[in-house]
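S.K.: Please see the structure below; I have some questions.
The values are calculated or read from the model by the stated rules, or taken from the named source; none is laboratory data. Quantities reported herein were computed from a predicted structural model and do not represent experimental measurements. Every residue, glycine among them, receives a Cβ derived from its backbone with ideal geometry; neighbour counts consider all protein chains shown. Side chains are part of the model used for accessible areas, which takes the heavy atoms of the whole protein and leaves out ligands, DNA and RNA. Shrake-Rupley method; radii C 1.70, N 1.55, O 1.52, S 1.80 Å.
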Amino acid sequence: MEQQEEKKYSVEIVEPKLFSGAVADEIVATLNEAISEHGRASLVLSGGKTPGAIYRLLAVPPRVSEVDWTKVSMYFGDERWVPKDDVQSNFKMVNETFLAPLGARAPKIFPVDTTASSPAAGAAAYGKIIKAQEPAGADGVPLFDLMLLGMGDDGHTASIFPGDKTAHVAGEVAFAPTNPHDNLPRISLTPQVIFGARRIVFIVKGDTKADMVKRVLEGSESAEALPAARFKDAASRVTWFIDSGAAKNLTQYK
Ligand code: 6PG
């Protein structure tokens, strides 16, 4: 058996039908750990299609009563530059799957203001809100308890797309990239903030992700080429939840 190099991050390969429940349980456990450690928890939500089923599970029994959601502050890892009621809005997805069902027990949530004068102004305003709400870590950037991240077929995560050179403005909390696939502006937290979180959970589901999962987890391409690979800077705090479809090309994880 080939000597497996020491991996500091963990990989949970889960059957599709158990995937959302397994991730929801990890979120509950991590939030409760933070709440017992420092009285509250800060959670950054991922957008896209995969997390909706997970958010729905968090908003209904049994999990809805396993966390004191009033002690949780929630943010967005990225947002599309559209109105909050637009079908592409991550806020709309989170509101429908999680906030509305939670009702009065809803957490404090801080959406991106996509009515600002420009995406750059929206990113700057979001950074100010976050800095006002969250304590800074050692490197002076806000320190989140849990960062949920998806991964696109192209290896992007949040809205950090392959080859993006604008993301790495030291000290900035959020920036305003453009999605190269549709030329739509986005707002995204910066790599420094994303990968500085206390805990990072990647949520990757579906056969279409299998090639990219192999490249990121078993390849050696740069974080600029595959932004999801930057997690290796934070490996000891990272857990990958991958369903068996997305994991099918992996050879180093049984
Ligand atoms: C977004 C996301 C993005 C997403 C990946 C995976 O706003 O689109 O934050 O980074 O997580 O594109 O998306 P799916 O879950 O839809 O495959």
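S.K.: Out of the residues in segment 1-49 that are acidic (Asp, Glu) and modelled with pLDDT under 95, which is least open to solvent (accessible area, probe 1.4 Å)? Explain how you work it out, then say what you get.
M.R.: First, the residues of segment 1-49 that are acidic (Asp, Glu): 2, 5-6, 12, 15, 25-26, 33, 37.
Okay, now just the ones that are also modelled with pLDDT under 95, so 2, 5-6.
On the way: Glu2: 136, Glu5: 119, Glu6: 140 Å².
Taking the candidates together, the pick is Glu5.
S.K.: Moving on to the next point. Quickly run through segment 142-151 and pick out the residues that are assigned to a loop (DSSP other than H, G, I, E, B) and buried (at least 23 other Cβ atoms within 10 Å of the Cβ).
M.R.: Result: Phe144, Met151.
S.K.: Quick check: anything in segment 159-172 within 24 Å of Lys8 (Cα to Cα), modelled with pLDDT of 95 or more and open to solvent by less than 40 Å² (accessible area, probe 1.4 Å)?
M.R.: Yes: segment 159-172 contains one or more residues that are within 24 Å of Lys8 (Cα to Cα), modelled with pLDDT of 95 or more and open to solvent by less than 40 Å² (accessible area, probe 1.4 Å).
S.K.: If Asp243 meets every condition in (1) of a type outside the set (A, V, I, L, M, F, W, C); (2) over 18 Å from Ser10 (Cβ atoms); (3) open to solvent by less than 10 Å² (accessible area, probe 1.4 Å) apart from one, which number is that one?
M.R.: With (1) of a type outside the set (A, V, I, L, M, F, W, C); (2) over 18 Å from Ser10 (Cβ atoms); (3) open to solvent by less than 10 Å² (accessible area, probe 1.4 Å) applied to Asp243, the lone miss is (2).
S.K.: Hey, another quick one. Taking the conditions exactly as written (within 13 Å of the ligand (Cβ to nearest atom), at pLDDT 95 or above and open to solvent by 10 Å² or more (accessible area, probe 1.4 Å)), does Asp211 satisfy them or not?
M.R.: On the way: within 13 Å of the ligand (Cβ to nearest atom): no; at pLDDT 95 or above: yes; open to solvent by 10 Å² or more (accessible area, probe 1.4 Å): yes.
Criteria not met by Asp211.
S.K.: Six or more apart or on different chains, Cβ atoms under 6 Å: show the pairs whose first residue is in segment 157-182 and closer than 22 Å to Val201 by Cβ and whose second is buried (at least 22 other Cβ atoms within 10 Å of the Cβ) and among the acidic types (Asp, Glu).
M.R.: From residues that are closer than 22 Å to Val201 by Cβ, the pairs are Ala158/Asp78; Ser159/Asp78.
S.K.: Out of (1) in contact with an Asp or Glu (Cβ under 6 Å, 6 or more places away or on another chain); (2) within 30 Å of Pro16 (Cα to Cα); (3) modelled with pLDDT of 95 or more, what's the single condition that is false for Phe195?
M.R.: It is condition (3) that Phe195 fails.
S.K.: Still on this structure, I have one more. Tell me, which residue of segment 32-56 that is over 18 Å from Gly206 (Cβ atoms) and within 16 Å of the ligand (Cβ to nearest atom) is farthest from the chain's Cα centre (by Cα)? Working first, answer last.
M.R.: Within segment 32-56, the first condition is being over 18 Å from Gly206 (Cβ atoms), and the residues that meet it are 32-45.
Keeping just the survivors that are within 16 Å of the ligand (Cβ to nearest atom) gives 43-45.
Working: Leu43: 9, Val44: 6, Leu45: 5 Å.
The extreme case among them is Leu43.
S.K.: Now for a different question. Restrict the check to segment 90-105 and report whether at least one residue is modelled with pLDDT of 95 or more and not in a helix (DSSP H, G or I).
M.R.: No, every residue in segment 90-105 fails to be modelled with pLDDT of 95 or more and not in a helix (DSSP H, G or I).
S.K.: I need the full set of residues from segment 111-140 which are open to solvent by less than 40 Å² (accessible area, probe 1.4 Å), in contact with a Ser or Thr (Cβ under 8 Å, 6 or more places away or on another chain) and more than 16 Å from the ligand (Cβ to nearest atom), in order please.
M.R.: Scanning segment 111-140 gives a single hit, Glu134.
S.K.: Looking at segment 162-181, can you tell me whether even one residue there is more than 8 Å from the ligand (Cβ to nearest atom), small (Gly, Ala, Ser) and under 15 Å from Asp243 (Cα atoms)?
M.R.: No: segment 162-181 contains no residue that is more than 8 Å from the ligand (Cβ to nearest atom), small (Gly, Ala, Ser) and under 15 Å from Asp243 (Cα atoms).
S.K.: Now a separate question. Does Lys248 satisfy the condition of being touching a helix residue (DSSP H, G or I) at 6+ places or on another chain (Cβ under 7 Å), open to solvent by 60 Å² or more (accessible area, probe 1.4 Å) and more than 13 Å from the ligand (Cβ to nearest atom)? Before you say what the answer is, go through the steps one by one.
M.R.: Numbers: touching a helix residue (DSSP H, G or I) at 6+ places or on another chain (Cβ under 7 Å): yes; open to solvent by 60 Å² or more (accessible area, probe 1.4 Å): yes; more than 13 Å from the ligand (Cβ to nearest atom): yes.
Against the criterion (touching a helix residue (DSSP H, G or I) at 6+ places or on another chain (Cβ under 7 Å), open to solvent by 60 Å² or more (accessible area, probe 1.4 Å) and more than 13 Å from the ligand (Cβ to nearest atom)), Lys248 qualifies.
S.K.: Return the total of residues in segment 16-53 being among the small types (Gly, Ala, Ser) and not in a helix (DSSP H, G or I).
M.R.: Looking only at segment 16-53, we keep the residues that are among the small types (Gly, Ala, Ser), and these are 20-22, 24, 29, 34, 36, 39, 41-42, 46-48, 52-53.
From the residues that got through so far, the ones that are not in a helix (DSSP H, G or I) too are 39, 41-42, 46-48.
Residues flagged as among the small types (Gly, Ala, Ser) and not in a helix (DSSP H, G or I) within segment 16-53 amount to 6.
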